[in-house]
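Structure first, then comments.
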Amino acid sequence: MVGFSSFIKDKNLLEQFSQYSKTAGIIFMILGVLGIAFPVVLSLTTAYFIAWLLLFGGFTIAVHTYKTNKKDWLGWFKSFIFILSAILTIINPQTGVAALGIILATYLFMDGFVNFALAIEQKGQKGWWLILINAITSVILGAIFIAGWPFNSIFLVGLYIGISLLFDGVVLLSMSNAVKKLEDNKN
C-alpha cells in the first residue's frame, strides 16, 4: 500500500487525484442539487436501487443455497426475505422509503449521541464546539425524521441524500483544489 508521503511525492498520482476528485466533486454536486430540488424522485430512486440490490442478493443466496446445501432452510428463508422485501419495495416504493427514513433517523440519533460523548471528552480543546454542533444537528435531524415518519420520509430521505451528495461534492472539489495548490507549490 502506498503511504501518504509517497503519494504527495508522486506527481502523476497528485494530478490524477486532482483531476478525478474535481470530476467526481462536480458530478456529486450536480446530483446533490438535483436531489435537493427533487427529493421525492431521489427517495424513490434510492428505494428502487436498494430493492434491485435486494432482489439480486436474494437470487444469489438462493443459487448459493441450492448449490451448497439444498436442505439449509435458513438460506432459503434469507433468500425469501430478500426477494420478498425487494418485490414489496418495487410494488410500493413508499414503504421502502419509510424504512429508509427510520434507518436514517436511527443513524442520526446514534451519530448525535456519539458526537455528544466526543464533544464532552474534547471539551476545552480547540474546535470542540464544532463536534457539539454536529451532535445537536444530528439529533435535531433525527427528531425531524421521527416526528414526520412515515409520511415525511418520501421528502426527507431524498433531501437528506441530496444534501449529503452536495457536501461530498464540495469536499471533493476542495480536496482537488488543495492538491492542485500543493502541486503548484512543489513546482
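Selection over the range 32-73 of residues that are outside any helix (DSSP H, G or I) and free of Cβ contacts under 8 Å to residues at least 24 places away in the same chain gives a count of 4. Does residue 62 count as of a type in the set (A, V, I, L, M) and either modelled with pLDDT of 95 or more or over 30 Å from residue 167 (Cα atoms) (or both)? Yes, satisfied. Considering only residues in the range 83-98 that are surrounded by 19 or more Cβ atoms within 10 Å (Cβ to Cβ) and under 20 Å from the mean Cα position of the chain (by Cα), the one that is nearest to residue 62 (Cα to Cα) turns out to be 86. Among the residues of the range 103-126, those that are of a type in the set (D, E, K, R) and either touching a strand residue (DSSP E or B) at 6+ places or on another chain (Cβ under 7 Å) or assigned to a helix (DSSP H, G or I) (or both) comprise 111, 121.
Listed conditions (1) more than 16 Å from the chain's Cα centre (by Cα); (2) surrounded by fewer than 15 Cβ atoms within 10 Å (Cβ to Cβ) are all met by residue 176, apart from (2). Consider the range 145-184. How many of its residues are more than 24 Å from residue 26 (Cα to Cα) and either free of Cβ contacts under 8 Å to residues at least 60 places away in the same chain or outside any helix (DSSP H, G or I) (or both)? Residues meeting the conditions: 8. I need the full set of residues from the range 149-185 which are out of contact with any helix residue (DSSP H, G or I) (no Cβ under 7 Å at 6 or more places or on another chain) and small (Gly, Ala, Ser), in order please. Answer for the range 149-185, where residues must be out of contact with any helix residue (DSSP H, G or I) (no Cβ under 7 Å at 6 or more places or on another chain) and small (Gly, Ala, Ser): 164, 174, 178. Residue pairs whose Cβ atoms lie under 9 Å apart, sitting 6 or more positions apart in sequence or on different chains, and linking a residue in the range 107-129 that is under 26 Å from residue 146 (Cα atoms) to a partner that is of a type in the set (Lys, Arg), are 129/123.
Determine whether residue 128 is among the aromatic types (Phe, Trp, Tyr), within 30 Å of residue 35 (Cα to Cα) and either touching a helix residue (DSSP H, G or I) at 6+ places or on another chain (Cβ under 8 Å) or surrounded by 17 or more Cβ atoms within 10 Å (Cβ to Cβ) (or both). Answer is no for this residue.
The values are calculated or read from the model by the stated rules, or taken from the named source; none is laboratory data. The structure presented is a predicted model; accordingly, all values stated were derived computationally and were not measured. Cβ: placed from backbone, ideal geometry, glycine included. Neighbour counts: every protein chain shown.
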